[in-house]
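*Asks:* Take this structure, written in structure tokens, and hold onto it; I'll ask about it next.
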Protein chains: 4
Amino acid sequence: MIAAPYAWPDGVRGAFAMTVDVDGPTPHLWKSRDGRPRPAELEQRGYGPRRGIWRVLDVLADAGVTGSFYVPGAYAQQNPAVVREIAARGHEIGLHGWMHEPPVDLDRATFLDVTRRALDTLHDLGGGRVTGYRSPSWDMTDAAFDVLLELGLAYDSSMMGDDRPYRLAGITEVPVSWALDDAPFYRYVGGPDPGHPPHRPREVVQRWADEVDAAARYGTLAVLTVHDWLSGRPAAAAALADLLAHVRESGVWIATVAEIASWHDAQGAVA
Amino acid sequence: MIAAPYAWPDGVRGAFAMTVDVDGPTPHLWKSRDGRPRPAELEQRGYGPRRGIWRVLDVLADAGVTGSFYVPGAYAQQNPAVVREIAARGHEIGLHGWMHEPPVDLDRATFLDVTRRALDTLHDLGGGRVTGYRSPSWDMTDAAFDVLLELGLAYDSSMMGDDRPYRLAGITEVPVSWALDDAPFYRYVGGPDPGHPPHRPREVVQRWADEVDAAARYGTLAVLTVHDWLSGRPAAAAALADLLAHVRESGVWIATVAEIASWHDAQGAVA
Amino acid sequence: MIAAPYAWPDGVRGAFAMTVDVDGPTPHLWKSRDGRPRPAELEQRGYGPRRGIWRVLDVLADAGVTGSFYVPGAYAQQNPAVVREIAARGHEIGLHGWMHEPPVDLDRATFLDVTRRALDTLHDLGGGRVTGYRSPSWDMTDAAFDVLLELGLAYDSSMMGDDRPYRLAGITEVPVSWALDDAPFYRYVGGPDPGHPPHRPREVVQRWADEVDAAARYGTLAVLTVHDWLSGRPAAAAALADLLAHVRESGVWIATVAEIASWHDAQGAVA
Amino acid sequence: MIAAPYAWPDGVRGAFAMTVDVDGPTPHLWKSRDGRPRPAELEQRGYGPRRGIWRVLDVLADAGVTGSFYVPGAYAQQNPAVVREIAARGHEIGLHGWMHEPPVDLDRATFLDVTRRALDTLHDLGGGRVTGYRSPSWDMTDAAFDVLLELGLAYDSSMMGDDRPYRLAGITEVPVSWALDDAPFYRYVGGPDPGHPPHRPREVVQRWADEVDAAARYGTLAVLTVHDWLSGRPAAAAALADLLAHVRESGVWIATVAEIASWHDAQGAVA
């Protein structure tokens, strides 16, 4: 049980996945579904589909990094060009709810229904083979895990129980980490519950670089998550470009979450 | 839809606007309108008209920067010398409510009434041709946009849906950004809901410099917003002076919000 | 009304006052007066009289700085040796409530009563001539100002309306500033409402040094406030020592609040 | 009463204790005992027994540092290999509740019962002679102190009333400090009450190094506390390794809390 390095592909110590939660305004639409959305927050988040996602795509292209993009079904439906462009550039597309619903807000039948609709929508828009799920709230329920299995998905990437892929509730889990999420650092939306003052991107990516270096040191996996409406903004995008240059130099394995999940499953098969 | 540089005037990549929300005590007077204002917060904010706005004006003069100042009507009425001095120095003056009322707190008729009164007051005090609106709460309503159009205003500068001027609800929007607002970083007022510990101005302006550099890199617009009672304090003012020196060296177009809105409208006309 | 340097004594530009709010456990005792105090918070704050105040006194002695110490009456009564030592070292002693009561919690008669008792207690313990008041909550009421005048006090030092001494409610005000208070940066007490993670003292004093430098640049006054139970801890005390060395080198006038108030009053007399 | 250096063993000025609160999921299980635990938080905290505690043990082994590990009874029962490994490596094992219950949540009889059960469990699992208690909430009650005495424990290490061992409620207190706890800096759990954005470990340990340096300067004691599920993560563990290297170079006395308590008691005996 002593911490041992994970068996990554030949010649690498540690792995890195670049993931994007392509939320746009959907989280605020869900939260205000029984009330009135704040126009300011809709616009701030609407920056995602209008501008941010395109800049993130450019940053990844410049760095030569292929990532995993989790897109809510409603967002995909309203912004089909985004889904097509993500797919055209060879990135993975995964599930992220219909309207960014936390699993805990839905009963099993509704969760199944919205997940199926999202799956169909991503498929119809050319999203390729969708095999993974990222919970909108980075939380899960037993019913949600059960539905993922019923739908034949290959992995979930929402929990934090390990620093390498692991098995949870019958499915392969590719774990995330709050320290590698841009939202705690950048999200500030004003209004009655504004959030913490937004951190300086140049400092945030230095911290993320530490996490990547530690993954290389301990043989673990660092899954970075950014959001279209946050890291797509100019200063954050410029900092992200710097980080990806660092990641490439660090020698870790850069792969999509689907690739990492497959690797884990294959390891398990031979173990 | 891929992120493309915006067409700025000849020879520049990126733009910068220096804006000042000249609030003084008005936000606290509005929030405590049904209760009792805290004398300490009134004094802390009263630093704005007493001292802060004059120091900000000096910092801008030393840097040779012309800015846009959004002044609530009640503040203007109580501090006419401030309005006259802003105008005498050639800065733009814009609307910022009567008593810093968030649009969502007012029905259409009241919003129209207070906006008209503020317009008349600024005009009577020599504020020049007022063509722009900055929402006190950096939020809007349909009714508020409608009133801006009815009053023939040229632009709004309160929303965050893009990183360059854009069209929203029938009017030209010159977008702001929380990361370029001094309030999340400096506002700490004590009492039951004090806010976050005030950040170090020297570090805050380094972060703002990153945003200006990113505007130059990506061809976008950086709209900085400071407050009389926050950035007018000595250490913050000294840091602001350093930032403005950096902005001048960065080669971006430095313009008032009205000038940027006009440029956008002219581009649209020829496009 | 343009920001002009204040007329400080010959040869100096800017002034600095070292003040100490000697609270110990009194704020928590007041807040929990109708309930049950948390033993952990009493102990954490009890560090002040047990250890912190003595270390702060040593830091000031090493730096050759004379300060102003505001001591709640109940604290003085329970820790007479503290009051005697502060006085013996030549520091100013001022009022800070009886049990650290915010003025807004008391009616005029009660405020008068507790202030009188505190005045008598400080006097009886050898606190010297007490001429100043520092509000425990850094807030005031009309009644509280009125009582200060009735008791013949020379100044208040609790408000933030200026960056130099000024006149407020009939008394000389020597203003404080949240950015120069150690509590927003260091106070973290655990329990249900813990506060913000404590800042690194070495960085906090760099920020305070900026404030002192800005006072020298703009000819203003920087009033630093530390607390016995916060800045008396080892790393904070070491950082405070570094700051005071910087202050001495900066060439500002270092004086007690009483001296600054007297200077202001004398200037007013000849103006 | 003037701050004087504490009498540490020959040749050292200042002391350092490395402590680990081995919580895993127990705090969340206790808090949600009447509701439903969040699976995400259980997984995030479950990182502790699955991975974090083993990495912390390795970091300490590499640094040659012997520490004090406070293990809730339920955690020990569910993870006996952890307890055995801690003991096998020569570290001290101490009490930390049964299910991480704050003492204030329990009446005397229940506190006695859970503490006894935890004591028996740690003993049965080979935890060695358990002589110390660390409150799960870093708070105490009179009843809790009373029970510690009844059970014949040698020390408590939960309060903050001094910067060296002291006597409190009839027992030797080896004080902790919020500034030397990783939780305020690293704990971010998402959900409705997420916490503060997680700090950068490299900066946190620089701050802790300041605290150790200040302990050496003033002759005091620095008790560091880390958590299995927080400092066991890769970047935090790497930073902790750097800190321990600094501690070793600083020349302070590195000892377990039990050793420090014994030293204090022996000093008292001869004083």
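The values are calculated or read from the model by the stated rules, or taken from the named source; none is laboratory data. Values in this document were obtained by computation on a predicted structure and should not be read as measured data. Glycine gets a Cβ as well: all are built from the backbone with ideal geometry, and neighbour counts include every protein chain shown.
*Asks:* Restricting to the stretch C:164-174, what's the tally of residues that are under 20 Å from B:Gly190 (Cα atoms) and within 12 Å of chain B (Cβ to nearest Cβ)? Before the answer, list the steps.
*Replies:* Pass one, the stretch C:164-174, residues under 20 Å from B:Gly190 (Cα atoms): C:168, C:173-174.
If we keep only those that are within 12 Å of chain B (Cβ to nearest Cβ) too, we end up with C:168, C:173.
Count: 2.
*Asks:* Starting from residues that are hydrophobic (A, V, I, L, M, F, W, C) and away from every other protein chain (no Cβ under 14 Å), keep the ones in the stretch B:86-110 and report whichever is nearest to B:Gly64 (Cα to Cα). Show your work before the answer.
*Replies:* If we filter the stretch B:86-110 for residues that are hydrophobic (A, V, I, L, M, F, W, C), which is where we start, we get B:86-88, B:93, B:95, B:98-99, B:104, B:106, B:109.
Now narrow it down to the ones that are away from every other protein chain (no Cβ under 14 Å): B:87, B:93, B:95, B:98-99, B:106, B:109.
Working: B:Ala87: 15, B:Ile93: 17, B:Leu95: 23, B:Trp98: 30, B:Met99: 30, B:Leu106: 38, B:Ala109: 40 Å.
Here the residue is B:Ala87.
*Asks:* On to the next question. Do you know which of the residues in the stretch C:211-224 that are of a type outside the set (Gly, Ala, Ser) and over 17 Å from the mean Cα position of the chain (by Cα) is farthest from the other protein chains (Cβ to nearest Cβ)? Lay out the reasoning, then the answer.
*Replies:* From the stretch C:211-224, those of a type outside the set (Gly, Ala, Ser) are C:211-213, C:217-218, C:220-221, C:223-224; that's our starting set.
Narrowing further to those that are over 17 Å from the mean Cα position of the chain (by Cα): C:213, C:217-218, C:220.
Working: C:Asp213: 7, C:Arg217: 6, C:Tyr218: 5, C:Thr220: 5 Å.
Selected residue: C:Asp213.
*Asks:* Can you name the condition, by its number, that B:Ala76 falls short on among (1) touching a Leu at 6+ places or on another chain (Cβ under 7 Å); (2) farther than 28 Å from C:Val174 by Cα; (3) assigned to a helix (DSSP H, G or I)?
*Replies:* Tallying (1) touching a Leu at 6+ places or on another chain (Cβ under 7 Å); (2) farther than 28 Å from C:Val174 by Cα; (3) assigned to a helix (DSSP H, G or I), B:Ala76 fails exactly one: (2).
*Asks:* Out of B:Leu122, B:Leu148, I need the residue that is in contact (Cβ under 8 Å) with a residue 12 or more places away in the chain, more than 14 Å from chain A (Cβ to nearest Cβ) and either part of a loop (DSSP other than H, G, I, E, B) or of a type in the set (A, V, I, L, M) (or both). Which one?
*Replies:* Values: B:Leu148 fails: more than 14 Å from chain A (Cβ to nearest Cβ).
Being in contact (Cβ under 8 Å) with a residue 12 or more places away in the chain, more than 14 Å from chain A (Cβ to nearest Cβ) and either part of a loop (DSSP other than H, G, I, E, B) or of a type in the set (A, V, I, L, M) (or both) holds for just one of B:Leu122, B:Leu148, which is B:Leu122.
*Asks:* I'd like to know if the stretch D:13-22 contains one or more residues that are closer than 25 Å to D:Ala222 by Cα, more than 14 Å from chain A (Cβ to nearest Cβ) and at pLDDT below 95.
*Replies:* Yes, the conditions are met somewhere in the stretch D:13-22.
*Asks:* Also, quick follow-up: What single numbered condition from (1) touching a Gly at 6+ places or on another chain (Cβ under 9 Å); (2) surrounded by fewer than 24 Cβ atoms within 10 Å (Cβ to Cβ) fails to hold for C:Glu203?
*Replies:* The single condition C:Glu203 does not satisfy is (1).
*Asks:* Moving on. Please go through the stretch C:250-271 and pick out each residue that is touching a residue at least 40 places away in the same chain (Cβ under 8 Å) and either outside any helix (DSSP H, G or I) or under 23 Å from C:Glu41 (Cβ atoms) (or both).
*Replies:* C:Gly251, C:Val252, C:Trp253, C:Ile254, C:Ala255, C:Thr256
*Asks:* Could you list, in sequence order, all residues of the stretch B:125-144 that are buried (at least 22 other Cβ atoms within 10 Å of the Cβ) and assigned to a helix (DSSP H, G or I)?
*Replies:* Answer for the stretch B:125-144, where residues must be buried (at least 22 other Cβ atoms within 10 Å of the Cβ) and assigned to a helix (DSSP H, G or I): just B:Ala144.
Here is a yes/no grid of residues against (1) surrounded by 23 or more Cβ atoms within 10 Å (Cβ to Cβ); (2) in contact with a Ser or Thr (Cβ under 7 Å, 6 or more places away or on another chain); (3) polar (S, T, N, Q):
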{"residue": "A:Ile93", "(1), (2), (3)": "yes, no, no"}
{"residue": "A:Pro102", "(1), (2), (3)": "no, yes, no"}
{"residue": "A:Thr115", "(1), (2), (3)": "yes, no, yes"}
{"residue": "A:Ala118", "(1), (2), (3)": "yes, no, no"}
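Listed here are the residues, each with its yes/no results for (1) in a loop (DSSP other than H, G, I, E, B); (2) polar (S, T, N, Q); (3) more than 7 Å from every other protein chain (Cβ to nearest Cβ).
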| position | (1), (2), (3) |
| --- | --- |
| D:Asp162 | yes, no, no |
| D:Val176 | yes, no, yes |
| D:Phe185 | no, no, no |
| D:Pro197 | yes, no, no |
| D:Trp208 | no, no, yes |
| D:Val226 | no, no, yes |
| D:Arg248 | no, no, yes |
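*Asks:* How many of the residues in the stretch A:7-34 are within 28 Å of A:Glu211 (Cβ to Cβ) and free of Cβ contacts under 8 Å to residues at least 12 places away in the same chain?
*Replies:* Going through the stretch A:7-34 one residue at a time, the tally reaches 2.
*Asks:* Here is a check on your reading of the model: is C:Leu243 farther than 19 Å from B:Val204 by Cβ, more than 9 Å from every other protein chain (Cβ to nearest Cβ) and part of a helix (DSSP H, G or I)? Show your work before the answer.
*Replies:* Numbers: farther than 19 Å from B:Val204 by Cβ: yes; more than 9 Å from every other protein chain (Cβ to nearest Cβ): yes; part of a helix (DSSP H, G or I): yes.
So C:Leu243 passes the test.
Rundown of residues vs (1) in contact with a strand residue (DSSP E or B) (Cβ under 9 Å, 6 or more places away or on another chain); (2) of a type in the set (S, T, N, Q); (3) surrounded by fewer than 18 Cβ atoms within 10 Å (Cβ to Cβ), yes/no style:
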site	(1), (2), (3)
D:Ala15	yes, no, no
D:Met18	yes, no, no
D:Asp21	yes, no, no
D:Trp54	no, no, no
D:Gln77	no, yes, yes
D:Arg89	no, no, yes
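*Asks:* Still on this structure, please answer the following. Checking B:Tyr47 against (1) in contact with a Gly (Cβ under 6 Å, 6 or more places away or on another chain); (2) closer than 25 Å to B:Thr131 by Cα: exactly one of these is not met. Which one?
*Replies:* Only one criterion is unmet by B:Tyr47, namely (2).
*Asks:* While we're looking at this one, here's another question. Given the conditions (1) part of a helix (DSSP H, G or I); (2) touching a residue at least 12 places away in the same chain (Cβ under 8 Å), which single one is not true for C:Arg50?
*Replies:* The single condition C:Arg50 does not satisfy is (2).
*Asks:* Please determine whether any residue of the stretch D:185-194 is buried (at least 19 other Cβ atoms within 10 Å of the Cβ), more than 30 Å from D:Ala238 (Cα to Cα) and without any contact (Cβ under 8 Å) to a residue 24 or more places away in the chain.
*Replies:* No: zero hits.
*Asks:* For the condition closer than 25 Å to A:Pro175 by Cβ and part of a loop (DSSP other than H, G, I, E, B), what is the one hit in D:Asp23, D:Asp34? Break it down stepwise before answering.
*Replies:* Numbers: D:Asp34 fails: closer than 25 Å to A:Pro175 by Cβ.
The unique qualifying residue is D:Asp23.
*Asks:* Another question, if that's okay. What's the total number of residues in the stretch D:135-192 that are closer than 25 Å to D:Tyr218 by Cα and basic (Lys, Arg)?
*Replies:* Result for the stretch D:135-192: 2.
*Asks:* Given the criteria assigned to a loop (DSSP other than H, G, I, E, B) and at pLDDT 95 or above, does C:Leu112 qualify? Outline the logic, then answer.
*Replies:* Working: assigned to a loop (DSSP other than H, G, I, E, B): no; at pLDDT 95 or above: yes.
For C:Leu112, the condition - assigned to a loop (DSSP other than H, G, I, E, B) and at pLDDT 95 or above - is not met.
*Asks:* While we're on this one: Could you identify the single residue in A:Leu168, A:Leu149 that is surrounded by fewer than 23 Cβ atoms within 10 Å (Cβ to Cβ), more than 17 Å from A:Ile93 (Cα to Cα), in contact with a Gly (Cβ under 6 Å, 6 or more places away or on another chain) and not basic (Lys, Arg)?
*Replies:* Details: A:Leu168 fails: in contact with a Gly (Cβ under 6 Å, 6 or more places away or on another chain).
A:Leu149 is the lone residue from the list that is surrounded by fewer than 23 Cβ atoms within 10 Å (Cβ to Cβ), more than 17 Å from A:Ile93 (Cα to Cα), in contact with a Gly (Cβ under 6 Å, 6 or more places away or on another chain) and not basic (Lys, Arg).
*Asks:* Among the numbered criteria (1) closer than 25 Å to D:Trp54 by Cα; (2) surrounded by fewer than 24 Cβ atoms within 10 Å (Cβ to Cβ); (3) within 9 Å of chain A (Cβ to nearest Cβ), which one does D:Ala236 miss?
*Replies:* (2)
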